[in-house]
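Note sheet for the following structure.
The values are calculated or read from the model by the stated rules, or taken from the named source; none is laboratory data. Because the structure is predicted, anything quoted here is derived from the model rather than measured. Counting neighbours? That spans all protein chains shown, and the Cβs are built from the backbone with ideal geometry, glycine included.
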Ligand code: SF4
(Lines give C-alpha, C1' and ligand atoms only; values in the text may rest on other atoms or scores of the structure.)
Protein backbone atom coordinates (compact mmCIF):
# COMPACT_ATOMS: atom_id res chain seq x y z
CA UNK A 1 0.00 0.00 0.00
CA UNK A 2 1.47 3.32 -1.13
CA UNK A 3 3.16 5.05 1.84
CA UNK A 4 0.57 3.56 4.22
CA UNK A 5 -1.78 6.45 3.58
CA UNK A 6 -5.46 5.79 2.88
CA UNK A 7 -8.40 7.98 2.00
CA UNK A 8 -11.55 6.17 3.14
CA UNK A 9 -15.01 6.91 1.74
CA UNK A 10 -18.20 4.93 2.51
CA UNK A 11 -20.91 3.61 0.18
CA UNK A 12 -24.24 1.78 0.44
CA UNK A 13 -25.64 -0.61 -2.15
CA UNK A 14 -28.90 -2.49 -2.76
CA UNK A 15 -30.20 -4.32 -5.87
CA UNK A 16 -31.47 -1.00 -7.26
CA UNK A 17 -29.42 1.72 -5.75
CA UNK A 18 -25.85 2.71 -4.90
CA UNK A 19 -25.10 5.76 -2.73
CA UNK A 20 -21.55 7.04 -2.86
CA UNK A 21 -20.41 9.35 -0.06
CA UNK A 22 -17.61 10.69 -2.22
CA UNK A 23 -16.15 13.31 0.10
CA UNK A 24 -12.71 13.23 -1.54
CA UNK A 25 -13.91 13.88 -5.10
CA UNK A 26 -12.97 17.55 -5.04
CA UNK A 27 -9.35 16.70 -4.12
CA UNK A 28 -9.24 13.40 -5.97
CA UNK A 29 -5.97 13.97 -7.86
CA UNK A 30 -4.18 15.19 -4.72
CA UNK A 31 -5.39 12.11 -2.76
CA UNK A 32 -4.24 9.77 -5.54
CA UNK A 33 -0.79 11.36 -5.51
CA UNK A 34 -0.47 10.95 -1.76
CA UNK A 35 -2.04 7.54 -1.06
CA UNK A 36 -4.83 5.08 -1.92
CA UNK A 37 -8.56 5.75 -2.11
CA UNK A 38 -10.59 3.00 -0.44
CA UNK A 39 -14.37 2.38 -0.44
CA UNK A 40 -15.97 0.75 2.62
CA UNK A 41 -19.54 -0.58 2.46
CA UNK A 42 -22.14 0.44 5.00
CA UNK A 43 -25.73 -0.82 4.80
CA UNK A 44 -27.98 2.17 4.24
CA UNK A 45 -30.36 1.10 7.02
CA UNK A 46 -27.44 0.95 9.40
CA UNK A 47 -26.46 4.51 8.53
CA UNK A 48 -29.99 5.93 8.73
CA UNK A 49 -30.90 4.19 11.97
CA UNK A 50 -27.97 5.76 13.72
CA UNK A 51 -28.95 9.17 12.56
CA UNK A 52 -32.13 8.70 14.51
CA UNK A 53 -30.23 9.86 17.50
CA UNK A 54 -32.18 7.98 20.15
CA UNK A 55 -31.23 4.63 18.62
CA UNK A 56 -27.67 5.54 19.06
CA UNK A 57 -26.90 3.55 22.19
CA UNK A 58 -28.07 0.41 20.46
CA UNK A 59 -25.31 0.54 17.87
CA UNK A 60 -23.73 -2.81 17.40
CA UNK A 61 -20.05 -2.34 17.95
CA UNK A 62 -19.31 -5.96 16.97
CA UNK A 63 -20.59 -5.33 13.43
CA UNK A 64 -18.27 -2.36 13.21
CA UNK A 65 -15.33 -4.43 14.45
CA UNK A 66 -15.77 -6.85 11.52
CA UNK A 67 -14.81 -4.16 9.01
CA UNK A 68 -11.07 -4.30 8.34
CA UNK A 69 -8.64 -1.86 6.80
CA UNK A 70 -5.88 -2.98 4.40
CA UNK A 71 -3.08 -1.43 6.54
CA UNK A 72 -2.15 -1.74 10.20
CA UNK A 73 -0.02 1.39 10.54
CA UNK A 74 0.11 4.76 8.85
CA UNK A 75 -2.42 7.54 8.34
CA UNK A 76 -6.06 7.16 7.35
CA UNK A 77 -8.14 10.15 6.28
CA UNK A 78 -11.85 9.39 6.66
CA UNK A 79 -14.63 11.26 4.91
CA UNK A 80 -17.81 10.85 6.98
CA UNK A 81 -21.39 11.60 6.05
CA UNK A 82 -23.49 9.87 8.72
CA UNK A 83 -22.91 9.68 12.44
CA UNK A 84 -22.50 5.91 11.92
CA UNK A 85 -19.37 6.59 9.84
CA UNK A 86 -17.80 8.50 12.73
CA UNK A 87 -18.57 5.63 15.12
CA UNK A 88 -16.87 3.26 12.65
CA UNK A 89 -13.76 5.43 12.78
CA UNK A 90 -13.90 5.33 16.58
CA UNK A 91 -13.92 1.51 16.48
CA UNK A 92 -11.03 1.47 13.99
CA UNK A 93 -9.00 3.91 16.10
CA UNK A 94 -9.22 1.43 19.00
CA UNK A 95 -8.55 -1.57 16.77
CA UNK A 96 -5.56 -0.03 14.96
CA UNK A 97 -3.53 1.91 17.55
CA UNK A 98 -0.67 2.45 15.07
CA UNK A 99 -2.86 4.28 12.60
CA UNK A 100 -3.58 7.98 12.90
CA UNK A 101 -7.19 8.67 11.85
CA UNK A 102 -8.08 12.14 10.63
CA UNK A 103 -11.82 12.56 10.25
CA UNK A 104 -13.87 15.25 8.55
CA UNK A 105 -17.12 15.72 6.66
CA UNK A 106 -20.47 17.54 6.72
CA UNK A 107 -21.67 16.46 10.21
CA UNK A 108 -18.37 17.56 11.69
CA UNK A 109 -18.51 20.93 9.92
CA UNK A 110 -21.83 21.64 11.63
CA UNK A 111 -21.47 20.11 15.09
CA UNK A 112 -18.71 20.28 17.71
CA UNK A 113 -18.17 16.49 18.12
CA UNK A 114 -16.28 16.85 21.39
CA UNK A 115 -14.79 13.42 22.26
CA UNK A 116 -15.18 11.87 25.71
CA UNK A 117 -12.22 10.17 27.41
CA UNK A 118 -12.90 6.78 25.75
CA UNK A 119 -11.91 8.24 22.37
CA UNK A 120 -8.26 7.33 21.73
CA UNK A 121 -5.66 9.99 20.86
CA UNK A 122 -5.12 8.55 17.39
CA UNK A 123 -8.57 9.78 16.32
CA UNK A 124 -8.41 13.42 15.33
CA UNK A 125 -11.52 15.37 14.35
CA UNK A 126 -10.86 18.14 11.83
CA UNK A 127 -13.17 20.86 10.60
CA UNK A 128 -12.69 22.57 7.27
CA UNK A 129 -12.32 21.72 3.64
CA UNK A 130 -10.09 18.80 2.66
CA UNK A 131 -7.72 20.96 0.60
CA UNK A 132 -6.97 23.11 3.65
CA UNK A 133 -6.96 20.38 6.31
CA UNK A 134 -5.01 17.73 4.38
CA UNK A 135 -3.08 19.59 1.73
CA UNK A 136 -2.66 22.92 3.48
CA UNK A 137 -3.66 24.85 0.39
CA UNK A 138 -6.13 27.67 0.24
CA UNK A 139 -7.42 26.77 -3.15
CA UNK A 140 -6.91 23.64 -5.12
CA UNK A 141 -7.40 23.91 -8.83
CA UNK A 142 -10.20 21.45 -8.90
CA UNK A 143 -10.13 18.53 -11.21
CA UNK A 144 -13.20 16.86 -9.76
CA UNK A 145 -13.14 13.10 -10.17
CA UNK A 146 -14.79 10.02 -8.77
CA UNK A 147 -13.66 6.42 -8.50
CA UNK A 148 -16.23 3.64 -8.11
CA UNK A 149 -16.13 0.82 -5.56
CA UNK A 150 -14.85 -2.50 -6.97
CA UNK A 151 -18.20 -4.13 -6.21
CA UNK A 152 -19.72 -6.49 -8.82
CA UNK A 153 -23.25 -5.54 -7.73
CA UNK A 154 -22.64 -2.07 -9.16
CA UNK A 155 -23.15 -3.47 -12.68
CA UNK A 156 -26.74 -4.36 -11.78
CA UNK A 157 -27.90 -1.28 -9.87
CA UNK A 158 -30.15 1.10 -11.77
CA UNK A 159 -29.39 4.36 -9.97
CA UNK A 160 -26.21 5.83 -8.58
CA UNK A 161 -26.21 8.84 -6.32
CA UNK A 162 -23.30 11.01 -5.35
CA UNK A 163 -22.50 14.60 -4.43
CA UNK A 164 -20.70 17.42 -6.18
CA UNK A 165 -19.28 20.04 -3.83
CA UNK A 166 -20.07 23.58 -4.94
CA UNK A 167 -19.84 25.48 -1.67
CA UNK A 168 -19.70 24.94 2.07
CA UNK A 169 -20.83 28.40 3.02
CA UNK A 170 -24.31 29.84 2.80
CA UNK A 171 -24.48 33.26 1.15
CA UNK A 172 -27.49 34.13 3.34
CA UNK A 173 -26.26 32.76 6.70
CA UNK A 174 -28.88 34.42 8.88
CA UNK A 175 -31.35 31.71 9.93
CA UNK A 176 -31.24 31.56 13.73
CA UNK A 177 -31.21 27.75 14.08
CA UNK A 178 -28.53 27.15 11.47
CA UNK A 179 -24.84 26.73 12.07
CA UNK A 180 -23.81 27.92 8.63
CA UNK A 181 -23.87 31.55 9.68
CA UNK A 182 -20.78 30.92 11.80
CA UNK A 183 -18.91 29.21 9.02
CA UNK A 184 -15.82 31.32 8.38
CA UNK A 185 -15.00 29.70 5.03
CA UNK A 186 -14.88 31.95 1.98
CA UNK A 187 -17.55 31.38 -0.63
CA UNK A 188 -15.98 28.96 -3.09
CA UNK A 189 -18.33 29.41 -6.03
CA UNK A 190 -17.07 26.20 -7.61
CA UNK A 191 -18.06 25.55 -11.16
CA UNK A 192 -19.91 22.40 -12.18
CA UNK A 193 -17.92 22.11 -15.40
CA UNK A 194 -15.84 19.16 -14.10
CA UNK A 195 -18.90 17.06 -13.35
CA UNK A 196 -19.28 13.88 -15.42
CA UNK A 197 -21.13 10.57 -15.23
CA UNK A 198 -18.77 7.76 -14.17
CA UNK A 199 -20.46 4.85 -16.05
CA UNK A 200 -22.92 4.55 -18.90
CA UNK A 201 -26.45 3.13 -18.83
CA UNK A 202 -27.30 4.19 -15.29
CA UNK A 203 -29.65 6.70 -13.79
CA UNK A 204 -28.03 9.34 -11.62
CA UNK A 205 -29.18 11.39 -8.70
CA UNK A 206 -26.55 14.07 -8.09
CA UNK A 207 -26.74 16.36 -5.08
CA UNK A 208 -25.13 19.72 -5.69
CA UNK A 209 -23.62 20.30 -2.29
CA UNK A 210 -24.22 23.92 -1.35
CA UNK A 211 -26.19 25.07 1.72
CA UNK A 212 -28.33 27.31 -0.47
CA UNK A 213 -27.87 28.02 -4.16
CA UNK A 214 -27.07 31.61 -5.09
CA UNK A 215 -28.70 33.66 -7.86
CA UNK A 216 -25.28 33.63 -9.59
CA UNK A 217 -25.15 29.84 -9.48
CA UNK A 218 -28.61 29.60 -11.00
CA UNK A 219 -27.75 31.93 -13.85
CA UNK A 220 -24.20 30.88 -14.67
CA UNK A 221 -23.77 27.25 -13.56
CA UNK A 222 -27.16 25.61 -14.09
CA UNK A 223 -26.84 25.87 -17.90
CA UNK A 224 -23.57 23.86 -17.70
CA UNK A 225 -25.23 20.84 -16.05
CA UNK A 226 -25.41 17.71 -18.19
CA UNK A 227 -28.67 17.43 -20.09
CA UNK A 228 -30.04 13.90 -19.88
CA UNK A 229 -33.39 12.33 -18.92
CA UNK A 230 -31.37 9.90 -16.76
CA UNK A 231 -29.86 12.53 -14.50
CA UNK A 232 -31.54 14.41 -11.67
CA UNK A 233 -29.89 17.28 -9.77
CA UNK A 234 -30.81 18.08 -6.18
CA UNK A 235 -30.20 21.47 -4.58
CA UNK A 236 -31.41 23.70 -1.75
CA UNK A 237 -33.24 26.85 -2.75
CA UNK A 238 -34.40 29.82 -0.66
CA UNK A 239 -37.99 30.77 -1.39
CA UNK A 240 -37.39 34.52 -1.19
CA UNK A 241 -38.24 37.33 -3.60
CA UNK A 242 -34.64 37.86 -4.82
CA UNK A 243 -34.50 34.34 -6.17
CA UNK A 244 -37.65 34.56 -8.28
CA UNK A 245 -36.20 36.54 -11.21
CA UNK A 246 -32.99 34.48 -11.62
CA UNK A 247 -35.06 31.33 -11.23
CA UNK A 248 -37.55 32.47 -13.88
CA UNK A 249 -34.74 33.30 -16.32
CA UNK A 250 -32.91 30.01 -15.66
CA UNK A 251 -35.98 27.82 -16.04
CA UNK A 252 -37.02 29.64 -19.23
CA UNK A 253 -33.50 29.08 -20.64
CA UNK A 254 -33.51 25.43 -19.61
CA UNK A 255 -36.86 24.77 -21.20
CA UNK A 256 -35.64 26.37 -24.43
CA UNK A 257 -32.72 23.94 -24.55
CA UNK A 258 -29.97 25.93 -22.80
CA UNK A 259 -28.93 23.56 -20.02
CA UNK A 260 -30.78 20.61 -18.52
CA UNK A 261 -34.51 20.05 -18.84
CA UNK A 262 -36.28 21.71 -15.85
CA UNK A 263 -37.70 18.24 -15.05
CA UNK A 264 -34.15 17.20 -14.15
CA UNK A 265 -33.99 19.82 -11.38
CA UNK A 266 -35.08 18.89 -7.86
CA UNK A 267 -35.40 21.88 -5.56
CA UNK A 268 -35.63 21.53 -1.81
CA UNK A 269 -37.00 24.53 0.11
CA UNK A 270 -36.53 24.87 3.86
CA UNK A 271 -39.76 26.48 5.00
CA UNK A 272 -39.43 25.17 8.58
CA UNK A 273 -42.64 26.81 9.87
CA UNK A 274 -45.06 28.42 7.41
CA UNK A 275 -46.32 31.55 9.14
CA UNK A 276 -45.01 35.04 8.47
CA UNK A 277 -44.30 35.71 12.14
CA UNK A 278 -42.24 32.52 12.43
CA UNK A 279 -40.40 33.13 9.15
CA UNK A 280 -39.47 36.58 10.46
CA UNK A 281 -38.44 35.10 13.85
CA UNK A 282 -36.23 32.53 12.10
CA UNK A 283 -34.71 35.27 9.89
CA UNK A 284 -35.47 33.25 6.77
CA UNK A 285 -35.77 36.41 4.67
CA UNK A 286 -38.88 34.96 3.01
CA UNK A 287 -42.63 35.22 3.43
CA UNK A 288 -45.33 32.61 2.92
CA UNK A 289 -46.26 34.56 -0.24
CA UNK A 290 -42.71 34.53 -1.70
CA UNK A 291 -42.40 30.81 -0.95
CA UNK A 292 -45.71 30.02 -2.65
CA UNK A 293 -44.71 32.16 -5.65
CA UNK A 294 -41.42 30.27 -5.93
CA UNK A 295 -43.22 26.93 -5.75
CA UNK A 296 -45.76 28.04 -8.32
CA UNK A 297 -42.91 28.83 -10.70
CA UNK A 298 -41.20 25.48 -10.10
CA UNK A 299 -44.50 23.71 -10.68
CA UNK A 300 -45.07 25.59 -13.93
CA UNK A 301 -41.79 24.13 -15.26
CA UNK A 302 -42.47 20.67 -13.81
CA UNK A 303 -39.42 20.68 -11.54
CA UNK A 304 -39.28 18.23 -8.65
CA UNK A 305 -40.23 20.09 -5.46
CA UNK A 306 -39.66 19.21 -1.84
CA UNK A 307 -40.47 21.27 1.23
CA UNK A 308 -38.95 20.80 4.68
CA UNK A 309 -40.96 21.56 7.79
CA UNK A 310 -40.00 21.50 11.46
CA UNK A 311 -42.30 20.88 14.42
CA UNK A 312 -41.90 21.29 18.18
CA UNK A 313 -41.21 25.00 18.14
CA UNK A 314 -41.32 26.59 21.59
CA UNK A 315 -43.01 29.88 20.70
CA UNK A 316 -46.04 29.16 18.51
CA UNK A 317 -49.26 31.19 18.63
CA UNK A 318 -52.79 30.24 17.58
CA UNK A 319 -52.44 32.53 14.59
CA UNK A 320 -49.28 30.67 13.46
CA UNK A 321 -51.28 27.44 13.31
CA UNK A 322 -54.04 29.14 11.32
CA UNK A 323 -51.48 30.50 8.83
CA UNK A 324 -49.74 27.13 8.59
CA UNK A 325 -53.05 25.47 7.69
CA UNK A 326 -53.72 28.08 4.98
CA UNK A 327 -50.22 27.69 3.63
CA UNK A 328 -50.43 23.90 3.33
CA UNK A 329 -53.87 24.16 1.69
CA UNK A 330 -52.49 26.67 -0.82
CA UNK A 331 -49.48 24.49 -1.45
CA UNK A 332 -51.71 21.55 -2.31
CA UNK A 333 -53.87 23.73 -4.51
CA UNK A 334 -50.71 24.67 -6.48
CA UNK A 335 -48.95 21.33 -6.62
CA UNK A 336 -51.65 18.68 -6.16
CA UNK A 337 -49.92 15.65 -4.77
CA UNK A 338 -46.75 16.40 -6.69
CA UNK A 339 -44.64 17.51 -3.78
CA UNK A 340 -42.36 15.77 -1.32
CA UNK A 341 -42.46 16.78 2.32
CA UNK A 342 -39.90 16.35 5.06
CA UNK A 343 -41.06 16.86 8.63
CA UNK A 344 -38.67 16.67 11.56
CA UNK A 345 -38.55 17.78 15.17
CA UNK A 346 -36.67 20.88 16.22
CA UNK A 347 -33.15 20.19 17.44
CA UNK A 348 -31.13 23.11 18.75
CA UNK A 349 -27.44 23.25 17.87
CA UNK A 350 -25.29 24.79 20.59
CA UNK A 351 -23.84 28.20 19.88
CA UNK A 352 -26.42 29.21 17.30
CA UNK A 353 -28.59 32.32 17.79
CA UNK A 354 -31.51 30.06 18.70
CA UNK A 355 -29.41 28.40 21.41
CA UNK A 356 -28.58 31.84 22.83
CA UNK A 357 -32.27 32.84 22.79
CA UNK A 358 -33.70 29.61 24.22
CA UNK A 359 -33.76 29.57 28.02
CA UNK A 360 -36.20 26.72 28.71
CA UNK A 361 -35.65 23.10 29.77
CA UNK A 362 -33.84 20.79 27.35
CA UNK A 363 -32.88 17.21 26.72
CA UNK A 364 -29.37 16.56 25.46
CA UNK A 365 -29.21 13.88 22.81
CA UNK A 366 -27.32 10.73 23.63
CA UNK A 367 -24.23 10.85 21.52
CA UNK A 368 -21.65 8.70 23.26
CA UNK A 369 -18.65 8.73 22.73
CA UNK A 370 -18.98 12.27 21.34
CA UNK A 371 -20.83 15.30 22.57
CA UNK A 372 -22.19 16.64 19.30
CA UNK A 373 -23.74 19.67 21.00
CA UNK A 374 -27.37 19.20 20.01
CA UNK A 375 -30.41 19.24 22.28
CA UNK A 376 -34.16 19.04 22.09
CA UNK A 377 -36.21 21.76 23.82
CA UNK A 378 -38.88 20.44 26.22
CA UNK A 379 -42.26 21.99 25.45
CA UNK A 380 -44.63 23.46 28.03
CA UNK A 381 -48.32 22.43 28.05
CA UNK A 382 -49.51 25.26 25.81
CA UNK A 383 -46.78 24.66 23.22
CA UNK A 384 -47.49 20.92 23.25
CA UNK A 385 -51.14 21.65 22.38
CA UNK A 386 -50.22 24.04 19.55
CA UNK A 387 -47.55 21.73 18.12
CA UNK A 388 -49.99 18.80 18.24
CA UNK A 389 -52.50 20.86 16.28
CA UNK A 390 -49.78 21.57 13.72
CA UNK A 391 -48.90 17.89 13.59
CA UNK A 392 -52.57 16.99 13.02
CA UNK A 393 -52.80 19.45 10.11
CA UNK A 394 -49.66 17.88 8.64
CA UNK A 395 -51.06 14.32 9.02
CA UNK A 396 -54.31 15.39 7.38
CA UNK A 397 -52.26 16.32 4.32
CA UNK A 398 -50.23 13.13 4.58
CA UNK A 399 -47.12 14.92 5.81
CA UNK A 400 -45.40 12.57 8.19
CA UNK A 401 -42.19 12.63 10.12
CA UNK A 402 -39.15 11.88 7.93
CA UNK A 403 -37.56 10.56 11.07
CA UNK A 404 -38.33 10.88 14.73
CA UNK A 405 -36.03 11.92 17.50
CA UNK A 406 -38.16 10.51 20.27
S1 LIG B 1 -30.60 29.60 4.04
FE2 LIG B 1 -30.30 27.50 4.78
S3 LIG B 1 -28.10 27.23 4.96
FE4 LIG B 1 -28.48 29.42 4.79
S5 LIG B 1 -28.57 30.16 6.92
FE6 LIG B 1 -30.67 29.66 6.27
S7 LIG B 1 -31.01 27.52 6.91
FE8 LIG B 1 -28.79 27.91 6.94
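General remarks:
- Each residue in the range 61-89 was checked for being under 18 Å from the mean Cα position of the chain (by Cα) and in a loop (DSSP other than H, G, I, E, B), and 3 pass.
- Counted residues, the range 265-294 - those being under 11 Å from residue 237 (Cα atoms) and assigned to a loop (DSSP other than H, G, I, E, B): 0
- Scanning the range 304-334 for residues that are touching a strand residue (DSSP E or B) at 6+ places or on another chain (Cβ under 7 Å) and farther than 28 Å from residue 263 by Cα turns up 311, 312, 314.
- Within the range 373-399, the set of residues being farther than 16 Å from residue 274 by Cα and in a loop (DSSP other than H, G, I, E, B) comprises 373, 378, 379, 380, 398.
- Qualifying residue in the range 294-310 (condition: under 28 Å from residue 362 (Cβ atoms), in the same structural domain as residue 352 (by TED's automatic domain parsing) and either surrounded by 20 or more Cβ atoms within 10 Å (Cβ to Cβ) or away from the ligand (no atom under 13 Å from the Cβ) (or both)): yes
- Test: residue in the range 354-365 that is exposed (fewer than 13 other Cβ atoms within 10 Å of the Cβ) and under 23 Å from residue 236 (Cα atoms): no
- Complete set of residues in the range 84-135 that are crowded, with 17+ Cβ neighbours inside 10 Å and at positive phi: 105, 113
- Residue count for the range 221-252, restricted to those that are over 26 Å from residue 178 (Cβ atoms) and assigned to a helix (DSSP H, G or I): 6
- Meets criteria (within 16 Å of the ligand (Cβ to nearest atom), touching a residue at least 40 places away in the same chain (Cβ under 8 Å), outside the structural domain of residue 14 (by TED's automatic domain parsing) and within 17 Å of the chain's Cα centre (by Cα)) for residue 205: no
- Here residue 261 meets the list (1) at pLDDT 95 or above; (2) under 24 Å from residue 164 (Cβ atoms); (3) surrounded by fewer than 18 Cβ atoms within 10 Å (Cβ to Cβ); (4) within 22 Å of the chain's Cα centre (by Cα) almost entirely, failing just condition (4).
- Residue check for residue 194: more than 18 Å from the chain's Cα centre (by Cα) and within 13 Å of the ligand (Cβ to nearest atom): no
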